Amino acid sequence: MPESKHAILQTGLDLLSAGRYPDAIARLQQAVRLSPQSAAAFRALAEAHLGCGDLDEARRCCERSTTLDPSFDRAFYLLGVICAHAGDLDDSIAAFERAIELRPKYFDALRGLAAVAGRSGQLARALECYRELIVAGIDHSELLLEFAETAERHGDLDDAITARKILFKREPDNLENRFNLSSLTGKNPPPATPATMVTQTFDDYADRFETHLGALQYSGPELLYRAVNRCESRSDLQVLDLGCGTGLCGQPFRQMAGQLIGVDLSPRMLEKAKDKNLYDELHCAEVLDFLSQQVEYDLIIAADVLIYFGDLQPVFSAARSRIGSGGHFAFTIECSDCDDVVVSRNHRYLHSPGYVRSVIAESGWQIEVFDECTLRQEHHQDIAGIVAVVVRR
């Protein structure tokens, strides 16, 4: 006895629920052939194609479902999801809005609309959706994080701070949230930027990193090289480049290095550095972890690296443990003109010159260069910093 239309559709739905998308597609294609007017079958087939990553076929099937049943709210929701995956943000917004029009308390569609509105730059619309969800009692941590990030982008800092404070109470050990809360309030900075944030930021940034810094007239590597040249004339140094990034310090410092070693948290940045053929070794590691290795250097450099550390004492102490007598540690910092340490809105640590001098002294270094400088420009404003070279005696 042949299977019924209902049995074939149900088998396809069961396979879809189990995540067996190719098998689900085969059964659901049978279902739509047998029931070509079934909006439910076409919607299920669209979801299976989405699971396989075939966005074009998923959209075609989903649009067929909404044509067959213009009141099928779940089909419009799925169409919004498919269009969002495809980057068709206007169509995604329209589909989510239609789903909500059909079912006003359709919170999954409302959250989808919030996310896509945020992606498309409609931040006020996104915040309106998030607030409606929160008022309805949907305030789990992932949604609150999305709300906080969107509010910050829109400039609604009070809302962003409120959301992050709630998250902090729920997850006090969440270092990324603690760091972002500190950048908003300027209070209670954690010891360092979470390593996961640094890695993600620079992996995403790698392809445009040097072009962007050029536009900002970034001069950290050149300033650092000139400062070191005032203290060191040898050309066979063992040099460690902390936070080497794409290798901007490699070019000037290669000429004074017998061996040049780079370390960075971002694999994508290290790929760019490798392409320059300037370094003898490149390592993907966190700064303090790498400095725990029992290797001695003549010179350690850190251009635009200490901005990711609030507490500088561990870095200066670790660097000193890897430098022999007469060796140097050269670095740049961005300046704070008030507190010793503060996290700026752009997620960088700023340090007061007085604080840096105190850490240098407490760590057993002696200052050879400690000059005010302009590191780069942002929004046509000079960014003040310090370029320094300290020596171990």
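Sort Phe107, Phe309 by Cβ crowding within 10 Å, fewest neighbours at the top.
Phe107, Phe309
Just need the relative contact order of the chain here, percent rounded to a whole number, with Cα pairs under 8 Å and 6+ apart. Each step should come with its number before you reach the end.
Details: 688 pairs, mean separation 36.4, N = 393.
Computed over the chain, the figure is 9 percent.
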Inset, instruction - Take the chain, connect every pair of alpha-carbon atoms lying under 10 Å apart with a spring to form a Gaussian network, then pick out the residue of Gly327, Gly112, Gly53 with the largest mean-square fluctuation. - result: Gly53
Legend entry - Ranked packing of 206-212, 216-222, 301-307, 182-188, most packed first, by mean Cβ within 10 Å: 301-307, 216-222, 182-188, 206-212
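Could you give the Stokes-Einstein D for the range 316-393 in µm² per second, using the C-alpha Kirkwood radius, 20 °C, 1.002 mPa s?
Translational D for this selection: 161 µm²/s.
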Legend entry - lysines whose Cα lies under 28 Å from that of Lys105, excluding same-chain neighbours fewer than 8 positions away: Lys165
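Taking the Cβ of Ala39 as the centre, find all other residues whose Cβ is under 9 Å away and add up their charges (Lys, Arg: +1; Asp, Glu: -1). Walk me through the intermediate numbers first.
Details: positive: Arg43, Arg64; negative: Asp69.
Combined, the nearby Lys, Arg, Asp and Glu give +1.
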Inset, instruction - Taking every pair of alpha-carbon atoms in the range 200-391, give the share separated by more than 22 Å as a whole percent. - result: 42
Inset, instruction - Return the loop-located trypsin sites (Lys or Arg not before Pro) in the range 235-319 (DSSP other than H, G, I, E, B) with at most 16 other Cβ atoms within 10 Å of their own Cβ; answer none if there are none. - result: Lys276
Legend entry - Distance between modelled label sites at Glu142 and Asp90, nm, 7 Å Cα→Cβ extension: 3.0
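Over the range 79-119, what is the relative contact order in whole percent, taking alpha-carbon pairs under 8 Å and six or more residues apart?
On the way: 38 pairs, mean separation 16.2, N = 41.
Here the relative contact order equals 39 percent.
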Legend entry - DSSP-defined beta bridges in the chain - what % are antiparallel, rounded to 5: 55
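Taking the number of other C-beta atoms within 10 Å as the exposure measure, put Glu149, Glu281, Glu334 in order starting with the fewest. Show your work: numbers first, answer last.
Numbers: Glu149 15, Glu281 10, Glu334 19.
Result, fewest neighbours first: Glu281, Glu149, Glu334.
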Legend entry - Estimated distance in nm for a label pair at Asp371 and Gln251, the labels positioned 7 Å out from Cα along Cα-to-Cβ: 1.9
Inset, instruction - List the aspartates and glutamates whose Cα lies under 12 Å from the Cα of Lys276, skipping any in the same chain that are fewer than 8 positions away. - result: none
Legend entry - Proximal aspartates and glutamates relative to Lys274, as straight alpha-carbon distance under 13 Å, when same-chain residues fewer than 8 apart are discounted: Asp264
Legend entry - Pair Asp275, Arg20: separation of 7 Å Cα→Cβ label points (nm): 4.5
Legend entry - Charge dipole magnitude, Cβ of K and R +1, D and E -1 - the range 200-391, Cα centre, debye nearest 20: 260
Inset, instruction - Could you point to the label whose value was computed as Cα Rg over 2.2 N^0.38 Å for the structure here, given (1) 1.30; (2) 0.95; (3) 1.02? - result: (1)
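So how do Arg74, Arg43 line up by other beta-carbon neighbours within 10 Å, fewest first?
Working: Arg74 19, Arg43 25.
Least crowded to most crowded, the residues run Arg74, Arg43.
FYI, it's all coordinate maths here, none of it is from the lab. As the structure is a computational prediction, the values presented were derived from the model and not from experiment. Using ideal geometry, Cβ is built from the backbone for each residue, glycine included, and neighbour counts are taken over all protein chains shown.
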